[in-house]
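One structure is given here, and the rest of the page talks about it.
The values are calculated or read from the model by the stated rules, or taken from the named source; none is laboratory data. Just so it is clear, the model here is predicted, and its values are computed rather than measured. Neighbour counts run over all protein chains shown; Cβ positions are idealised from the backbone, glycine included.
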Amino acid sequence: MALHGLDPDKNNDAATFAQLLPRRIAASGAAAVSLDHVTKSREGRGRWAIGAQHKLSGLDGASYVLDNRTPFGVGLTGRTTVRIAKDRPGQLRRNALPSSEGMFWFGDLALKSRDDTFAEVSVEPPFEREDSWRPTKLMSAIASLLEERGALSQRRILAGVRGKTDRKREALDLLIVDGYVSDKTPHELLKPYLDQDGDQ
C-alpha cells in the first residue's frame, strides 16, 4: 500500500487498494492472495491484521490466520496452525473445527526438512481429541481468578495461574469455546464453571 501512497491504517485507503489490485486480479479469473502482518502482542489481536478494519470486512473469499507453533529450519519439522478468520461464501468452515476468538481450525501447515536441499510440505487436517482429557484444573483456576478479580487480559490470566503456559492457553481457549469466558479481551467470566475430574 505504501508504494501507492496509501495508508494501511485508513479504511478508505484499504478500500482503494482492494479495488486497485486484488479485485482487479480476481476479476481476471486468477487467484489473488494478500499477505499481512498482525500485532506483536497476542492481546486483542483476534482475527485482525495490523491497520484498517476494512482489510478484512471488504474481503471476498477467505481470510486465514497463521500461528507458528514449532519453528521451521533445516533438519526440523516446523508446524503452523491455520485458522479461518473469514469464509465467504462459507465453503471452508464445514471442513474445520471451532477454535477460539470466533475462528475455525482448518488444519496445520507442516514443513518437514530432510536436509538443506529437500523438504516436504503438507496441510494436516484438524482432528477431535480421541481421549476426553481436558485441563479442567487449570480451567477451574482461570474461572476462579476471573470470578475473584473480574475481567483480565490474557497476559494477566497467564500470570495469575500456576502451570505450563501452553496448557494455560489451552484451558483459556476451551473456556472460550465452551461459552464460559468471553472471547474479547479483557476476558470476563460469563457463567460459573463447575470443576470436573481432570489434571493439569
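Worth a mention:
- Qualifying residues in the stretch 1-25 (those that are hydrophobic (A, V, I, L, M, F, W, C) and surrounded by 15 or more Cβ atoms within 10 Å (Cβ to Cβ)) - the one nearest to Asp173 (Cα to Cα): Ala14
- Selection count where residues are in a strand (DSSP E or B) and either of a type in the set (A, V, I, L, M, F, W, C) or closer than 17 Å to Gly102 by Cβ (or both), scope the stretch 48-81: 7
- Looking at Ser100, Ser182, just one residue is of a type in the set (S, T, N, Q), closer than 30 Å to Asp60 by Cβ and touching a helix residue (DSSP H, G or I) at 6+ places or on another chain (Cβ under 6 Å), and that residue is Ser100.
- Just one of the numbered conditions (1) assigned to a strand (DSSP E or B); (2) of a type in the set (Asp, Glu); (3) touching a residue at least 12 places away in the same chain (Cβ under 8 Å) is not true of Glu120: (3).
- Subset of the stretch 152-189 [surrounded by 15 or more Cβ atoms within 10 Å (Cβ to Cβ) and in a loop (DSSP other than H, G, I, E, B)]: Ser153, Val161, Gly163, Tyr180, Ser182, Asp183, Thr185, Pro186
- Residue in the stretch 82-117 that is nearest to Ala171 (Cα to Cα), counting only those that are surrounded by 12 or more Cβ atoms within 10 Å (Cβ to Cβ) and among the basic types (Lys, Arg): Arg83
- Any pair with Cβ under 7 angstrom, 6 or more apart, that starts in the stretch 26-39 at a residue that is at pLDDT 90 or above and ends at one that is in a loop (DSSP other than H, G, I, E, B): Ala26/Ala32
To keep it simple, each residue is scored yes or no on (1) farther than 23 Å from His4 by Cα; (2) of a type in the set (A, V, I, L, M).
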residue: Thr39; (1), (2): no, no
residue: Ile50; (1), (2): no, yes
residue: Val65; (1), (2): yes, yes
residue: Gly73; (1), (2): yes, no
residue: Thr81; (1), (2): yes, no
